Structures are given as C-alpha cells and as structure tokens.
Amino acid sequence: MLHYNFIIQMQEQKNYILHSIKTLLNLEEPPYELTTSAALDKFVSTPEQDVLTIVALPTKEFKIISPSSPAPKEGTIITITKFKIDSPLQNFYNFNLRPAQGFKQLATNIMHLYEPIALRTKNAAVVQVKELKAVL
C-alpha cells in the first residue's frame, strides 16, 4: 500500500508541474509528452535532485536538458527547483522562466531602443546605456 501511495503522490506532483508549465506559458494544454520522461520521474521521486531544466521550443516541443548543457538558441528555459528537504515547503516547487537568449535580447533592446532615445534627448543616461551594453 505504501508503494501505491508513493506512485499516486508522484503522479500528482508530475501533473502539478505540467499544469504549472501550461499556465506559465499560456498553453492550450499541458505538455503531456513530458509525462513519460525518466528525467521528470527522477526529479519528482529523488529528494537529492533539486533542479530540473526544461526548454520550451518555438515548435511547441519540450526538452529536458542538463544544467551543464549549452543554452539553446531559441525558446524559453524553464528552471524548476525544489525547496530543501528540511523545509516545511518541501512538496512545493519554484518556477523560473527566461528566454533562451535573454541577454542577447536585452542587448538588442538597449542598442535599438534605449540608446537612440538617450542620444536624442542628450540625456546623461547614454553613458549608462553604453556601460550596460559593454557588460552584456
């Protein structure tokens, strides 16, 4: 009976994750192709694995990648983290979304939007924009 309860709890957690992704990305339905993912099963069932990274591609495909994998060129990166084992919130997850090429997009926005405005208004912010662009 204990094993059965564990399987039910694991399935509920997977459904929670899939429906959270659906809501965060404003999808019509959850990414059900992830339900058979061994990596998702391991993340949900193993307390030691506290991070799962999923890439939502523009083609509506979802891939689970390792933290050491290079960032994809397109899509949205979803990082799911668990609260620590000793936390009273240990059955909850934290979701973080960012564009796959977020810094590149930020640099493009600065170059094409903010810098021309700062130059046109002769604002001292142009120096700050150039410094920020140099960092990116």
Net charge of neighbours whose Cβ lies under 12 Å from the Cβ of Lys63, counting Lys and Arg as +1 and Asp and Glu as -1: -2
1/(1 + (r/R0)^6) with r = Cβ-Cβ of Asn96 and Ser45, R0 = 22 Å, i.e. FRET efficiency to nearest 0.05, evaluates to 0.55
Mind sorting Tyr32, Tyr93 by how few other Cβ atoms lie within 10 Å of their own Cβ, fewest first? Tyr32, Tyr93
With the contact rule set at Cα under 8 Å and sequence spacing of 6 or more, what percent relative contact order holds for the range 46-87? 46
Using θ = phi - 60° and the Karplus relation 6.51 cos²θ - 1.76 cosθ + 1.60, list the HN-Hα couplings for the range 47-57 in order, rounded to whole Hz, with x at every Gly or Pro. x, 6, 8, 10, 9, 10, 10, 10, 10, 9, 7
Would you kindly derive the ³J(HN,Hα) couplings of the range 24-39 from the backbone phi angles with the Karplus curve 6.51 cos²θ - 1.76 cosθ + 1.60 (θ = phi - 60°), listing them in order in whole Hz, with x for Gly and Pro? 5, 9, 6, 8, 6, 8, x, x, 5, 5, 7, 5, 9, 6, 5, 5
Computed D for the range 17-97, Stokes-Einstein, Kirkwood radius over alpha-carbon pairs, 37 °C, 0.692 mPa s, to the nearest µm² per second, is 248
What spacing in nm lies between the two simple spin-label points modelled at Asn26 and Lys63, each 7 Å away from Cα in the Cβ direction? 2.5
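Bear in mind that the values in this text are calculations on the coordinates, not laboratory data. All values derive from a computational prediction rather than experimental measurement. All Cβ positions, even for glycine, are placed from backbone atoms using ideal geometry, and neighbour counts span all protein chains on display.
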